[in-house]
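These notes concern the structure reproduced below.
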(Lines give C-alpha, C1' and ligand atoms only; values in the text may rest on other atoms or scores of the structure.)
Protein backbone atom coordinates (compact mmCIF):
# COMPACT_ATOMS: atom_id res chain seq x y z
CA UNK A 1 0.00 0.00 0.00
CA UNK A 2 2.87 2.38 0.83
CA UNK A 3 4.44 1.68 -2.59
CA UNK A 4 1.16 2.42 -4.37
CA UNK A 5 0.76 5.77 -2.55
CA UNK A 6 4.35 6.73 -3.34
CA UNK A 7 3.86 5.91 -7.04
CA UNK A 8 0.69 8.00 -7.19
CA UNK A 9 2.43 11.00 -5.66
CA UNK A 10 5.28 10.64 -8.15
CA UNK A 11 2.81 10.77 -11.04
CA UNK A 12 1.07 13.86 -9.67
CA UNK A 13 4.25 15.72 -8.82
CA UNK A 14 5.78 14.80 -12.15
CA UNK A 15 3.00 16.64 -13.93
CA UNK A 16 3.36 19.81 -11.85
CA UNK A 17 7.04 20.16 -10.95
CA UNK A 18 9.73 21.15 -13.49
CA UNK A 19 12.66 18.76 -13.76
CA UNK A 20 15.27 21.26 -12.71
CA UNK A 21 13.02 23.35 -10.49
CA UNK A 22 13.24 23.80 -6.74
CA UNK A 23 12.67 20.69 -4.66
CA UNK A 24 9.55 20.49 -2.48
CA UNK A 25 9.76 21.18 1.24
CA UNK A 26 8.98 17.91 3.00
CA UNK A 27 9.65 19.04 6.56
CA UNK A 28 5.93 19.13 7.35
CA UNK A 29 5.17 15.82 5.61
CA UNK A 30 4.41 13.75 8.68
CA UNK A 31 3.15 10.70 6.77
CA UNK A 32 6.69 9.77 5.62
CA UNK A 33 9.78 8.99 7.60
CA UNK A 34 13.24 10.40 6.87
CA UNK A 35 14.07 7.39 4.68
CA UNK A 36 11.05 7.87 2.39
CA UNK A 37 11.67 11.64 2.13
CA UNK A 38 15.33 11.10 1.20
CA UNK A 39 14.45 8.54 -1.48
CA UNK A 40 11.77 10.80 -2.98
CA UNK A 41 14.06 13.85 -3.17
CA UNK A 42 16.83 11.68 -4.62
CA UNK A 43 14.46 10.53 -7.33
CA UNK A 44 13.58 14.12 -8.27
CA UNK A 45 17.26 15.05 -8.48
CA UNK A 46 18.04 12.10 -10.76
CA UNK A 47 15.77 13.43 -13.59
CA UNK A 48 14.51 9.90 -14.23
CA UNK A 49 11.36 9.59 -16.37
CA UNK A 50 8.16 9.51 -14.39
CA UNK A 51 6.43 6.12 -14.20
CA UNK A 52 3.35 5.79 -16.35
CA UNK A 53 0.17 3.79 -15.88
CA UNK A 54 -2.51 3.67 -13.25
CA UNK A 55 -2.22 3.02 -9.56
CA UNK A 56 -3.48 -0.43 -8.80
CA UNK A 57 -6.70 -0.41 -6.80
CA UNK A 58 -6.70 -2.61 -3.74
CA UNK A 59 -10.14 -3.53 -2.51
CA UNK A 60 -10.69 -3.05 1.21
CA UNK A 61 -10.77 -6.13 3.33
CA UNK A 62 -14.25 -7.49 3.86
CA UNK A 63 -15.43 -6.89 7.43
CA UNK A 64 -15.03 -9.87 9.66
CA UNK A 65 -18.19 -11.43 11.04
CA UNK A 66 -18.55 -11.08 14.76
CA UNK A 67 -17.91 -14.39 16.52
CA UNK A 68 -21.00 -16.23 17.67
CA UNK A 69 -21.62 -16.57 21.39
CA UNK A 70 -20.64 -19.89 22.89
CA UNK A 71 -23.30 -22.50 23.62
CA UNK A 72 -23.10 -25.53 25.86
CA UNK A 73 -24.75 -28.82 26.75
CA UNK A 74 -24.62 -30.28 30.24
CA UNK A 75 -25.35 -33.86 31.25
CA UNK A 76 -25.26 -34.93 34.88
CA UNK A 77 -26.87 -37.08 37.53
CA UNK A 78 -29.20 -35.52 40.10
CA UNK A 79 -30.99 -36.57 43.26
CA UNK A 80 -33.47 -34.60 45.37
CA UNK A 81 -34.98 -34.68 48.83
CA UNK A 82 -38.54 -33.33 48.83
CA UNK A 83 -40.64 -32.09 51.74
CA UNK A 84 -44.35 -32.41 50.93
CA UNK A 85 -47.11 -30.61 52.80
CA UNK A 86 -49.30 -33.35 54.26
CA UNK A 87 -51.82 -30.96 55.82
CA UNK A 88 -52.39 -30.05 59.46
CA UNK A 89 -49.00 -28.39 59.65
CA UNK A 90 -47.23 -31.66 58.94
CA UNK A 91 -44.73 -32.43 56.19
CA UNK A 92 -43.61 -35.70 54.66
CA UNK A 93 -40.01 -36.12 53.52
CA UNK A 94 -39.40 -38.20 50.41
CA UNK A 95 -36.15 -38.89 48.55
CA UNK A 96 -36.02 -39.30 44.81
CA UNK A 97 -33.89 -41.80 42.95
CA UNK A 98 -30.76 -40.67 41.14
CA UNK A 99 -31.64 -39.73 37.58
CA UNK A 100 -30.25 -37.92 34.53
CA UNK A 101 -30.40 -34.17 34.07
CA UNK A 102 -29.81 -32.57 30.66
CA UNK A 103 -29.40 -28.83 30.17
CA UNK A 104 -28.61 -26.78 27.07
CA UNK A 105 -27.85 -23.08 27.03
CA UNK A 106 -25.62 -20.30 25.85
CA UNK A 107 -23.97 -17.01 26.74
CA UNK A 108 -25.89 -13.75 26.71
CA UNK A 109 -22.73 -11.97 27.84
CA UNK A 110 -19.33 -13.23 28.91
CA UNK A 111 -20.56 -14.01 32.43
CA UNK A 112 -24.35 -14.27 31.97
CA UNK A 113 -25.80 -17.52 30.60
CA UNK A 114 -29.25 -18.91 29.97
CA UNK A 115 -30.32 -22.53 30.27
CA UNK A 116 -33.25 -24.91 29.87
CA UNK A 117 -33.57 -28.67 30.01
CA UNK A 118 -35.17 -31.70 31.62
CA UNK A 119 -34.60 -33.88 34.70
CA UNK A 120 -35.96 -37.40 35.23
CA UNK A 121 -36.22 -39.54 38.35
CA UNK A 122 -38.69 -41.43 40.57
CA UNK A 123 -40.23 -40.74 43.95
CA UNK A 124 -42.42 -42.75 46.32
CA UNK A 125 -45.54 -41.51 48.10
CA UNK A 126 -47.74 -43.27 50.66
CA UNK A 127 -51.36 -43.92 49.72
CA UNK A 128 -54.38 -43.77 52.01
CA UNK A 129 -54.65 -47.55 52.09
CA UNK A 130 -51.13 -47.87 53.53
CA UNK A 131 -49.48 -49.05 50.33
CA UNK A 132 -46.82 -47.08 48.52
CA UNK A 133 -46.98 -45.68 45.01
CA UNK A 134 -43.86 -45.19 42.89
CA UNK A 135 -44.26 -42.04 40.81
CA UNK A 136 -42.33 -40.79 37.82
CA UNK A 137 -41.01 -37.25 38.31
CA UNK A 138 -40.12 -35.07 35.32
CA UNK A 139 -38.83 -31.53 35.91
CA UNK A 140 -38.40 -28.92 33.16
CA UNK A 141 -36.22 -26.04 34.42
CA UNK A 142 -35.34 -22.77 32.66
CA UNK A 143 -33.58 -19.64 33.82
CA UNK A 144 -30.41 -17.57 33.99
CA UNK A 145 -27.09 -18.13 35.72
CA UNK A 146 -24.07 -16.01 36.54
CA UNK A 147 -20.66 -17.58 35.92
CA UNK A 148 -18.34 -15.57 38.17
CA UNK A 149 -14.58 -16.00 38.52
CA UNK A 150 -13.46 -15.64 42.16
CA UNK A 151 -10.56 -13.29 42.83
CA UNK A 152 -7.18 -14.97 42.72
CA UNK A 153 -8.39 -18.07 40.87
CA UNK A 154 -7.62 -19.20 37.29
CA UNK A 155 -9.84 -18.03 34.43
CA UNK A 156 -11.15 -21.60 34.05
CA UNK A 157 -12.87 -21.70 37.46
CA UNK A 158 -16.40 -20.39 37.94
CA UNK A 159 -18.85 -19.95 40.77
CA UNK A 160 -22.37 -20.47 39.43
CA UNK A 161 -25.37 -18.53 40.75
CA UNK A 162 -28.55 -19.85 39.18
CA UNK A 163 -32.15 -18.69 39.33
CA UNK A 164 -35.25 -19.62 37.34
CA UNK A 165 -38.53 -21.49 37.25
CA UNK A 166 -39.46 -25.12 36.66
CA UNK A 167 -42.43 -27.29 35.82
CA UNK A 168 -42.78 -30.59 37.69
CA UNK A 169 -44.89 -33.46 36.41
CA UNK A 170 -45.69 -36.53 38.53
CA UNK A 171 -47.37 -39.61 37.07
CA UNK A 172 -47.94 -43.23 38.03
CA UNK A 173 -50.45 -46.09 38.39
CA UNK A 174 -52.66 -44.28 40.90
CA UNK A 175 -55.37 -41.63 41.25
CA UNK A 176 -55.32 -38.35 43.13
CA UNK A 177 -58.04 -39.69 45.44
CA UNK A 178 -55.60 -42.39 46.60
CA UNK A 179 -53.47 -39.78 48.43
CA UNK A 180 -54.01 -37.28 51.20
CA UNK A 181 -51.75 -34.74 49.45
CA UNK A 182 -51.47 -35.97 45.87
CA UNK A 183 -48.41 -35.02 43.84
CA UNK A 184 -49.95 -36.29 40.60
CA UNK A 185 -50.15 -33.76 37.77
CA UNK A 186 -48.33 -30.54 36.91
CA UNK A 187 -46.84 -28.15 39.48
CA UNK A 188 -44.90 -24.90 38.99
CA UNK A 189 -41.94 -23.90 41.17
CA UNK A 190 -39.10 -21.41 41.41
CA UNK A 191 -35.46 -22.47 41.63
CA UNK A 192 -32.24 -21.16 43.17
CA UNK A 193 -28.84 -22.80 42.86
CA UNK A 194 -25.20 -22.43 43.85
CA UNK A 195 -22.44 -24.40 42.18
CA UNK A 196 -18.86 -24.60 41.00
CA UNK A 197 -17.51 -25.37 37.55
CA UNK A 198 -14.01 -25.86 36.21
CA UNK A 199 -12.64 -26.43 32.72
CA UNK A 200 -10.10 -29.07 31.76
CA UNK A 201 -6.90 -27.56 30.34
CA UNK A 202 -7.05 -26.84 26.58
CA UNK A 203 -10.40 -28.61 26.26
CA UNK A 204 -14.04 -27.65 25.63
CA UNK A 205 -15.04 -30.00 28.48
CA UNK A 206 -15.90 -28.85 31.98
CA UNK A 207 -16.97 -30.55 35.19
CA UNK A 208 -19.54 -28.99 37.47
CA UNK A 209 -21.36 -29.66 40.70
CA UNK A 210 -24.42 -27.80 41.91
CA UNK A 211 -26.72 -27.60 44.93
CA UNK A 212 -30.18 -26.42 43.92
CA UNK A 213 -33.35 -25.75 45.86
CA UNK A 214 -36.90 -25.33 44.62
CA UNK A 215 -40.30 -24.49 46.04
CA UNK A 216 -43.76 -24.77 44.54
CA UNK A 217 -45.73 -21.58 43.93
CA UNK A 218 -48.54 -20.80 46.36
CA UNK A 219 -51.98 -21.74 45.09
CA UNK A 220 -50.64 -24.42 42.76
CA UNK A 221 -52.13 -27.45 44.46
CA UNK A 222 -50.12 -29.43 46.98
CA UNK A 223 -47.18 -27.49 48.40
CA UNK A 224 -43.67 -28.93 48.34
CA UNK A 225 -40.08 -27.83 48.41
CA UNK A 226 -36.84 -29.65 47.89
CA UNK A 227 -33.08 -29.58 47.74
CA UNK A 228 -31.03 -31.45 45.17
CA UNK A 229 -27.44 -32.17 44.20
CA UNK A 230 -26.20 -32.43 40.62
CA UNK A 231 -22.79 -33.45 39.28
CA UNK A 232 -21.86 -33.87 35.63
CA UNK A 233 -19.97 -32.70 32.57
CA UNK A 234 -20.40 -29.70 30.29
CA UNK A 235 -19.37 -29.49 26.64
CA UNK A 236 -18.93 -25.99 25.12
CA UNK A 237 -19.26 -25.46 21.37
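The values are calculated or read from the model by the stated rules, or taken from the named source; none is laboratory data. Nothing here was measured: the structure is a model prediction, and the numbers come from that model. Methodologically, a virtual Cβ is constructed for each residue, glycine included, from the backbone with ideal geometry; neighbour enumeration extends over all protein chains shown.
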Query - Test: residue 135 is in contact (Cβ under 8 Å) with a residue 40 or more places away in the chain and over 32 Å from the mean Cα position of the chain (by Cα) - result: yes
Query raised in the report: Restricting attention to the stretch 201-224, which residues are within 24 Å of the chain's Cα centre (by Cα) and either in a strand (DSSP E or B) or touching a residue at least 12 places away in the same chain (Cβ under 8 Å) (or both)?
Result: 201, 204, 205, 206, 207, 208, 209, 210, 211, 212, 213, 214
Report task. Kindly indicate whether residue 103 is modelled with pLDDT under 75 and surrounded by 14 or more Cβ atoms within 10 Å (Cβ to Cβ). Result -> no
Query raised in the report: Applying the selection to the stretch 164-183, what residues are more than 28 Å from residue 145 (Cβ to Cβ) and under 35 Å from the mean Cα position of the chain (by Cα)?
Result: 171
Query - Residue under evaluation residue 227, criteria (1) buried (at least 19 other Cβ atoms within 10 Å of the Cβ); (2) over 23 Å from the mean Cα position of the chain (by Cα); (3) closer than 18 Å to residue 143 by Cα, criterion not met - result: (1)
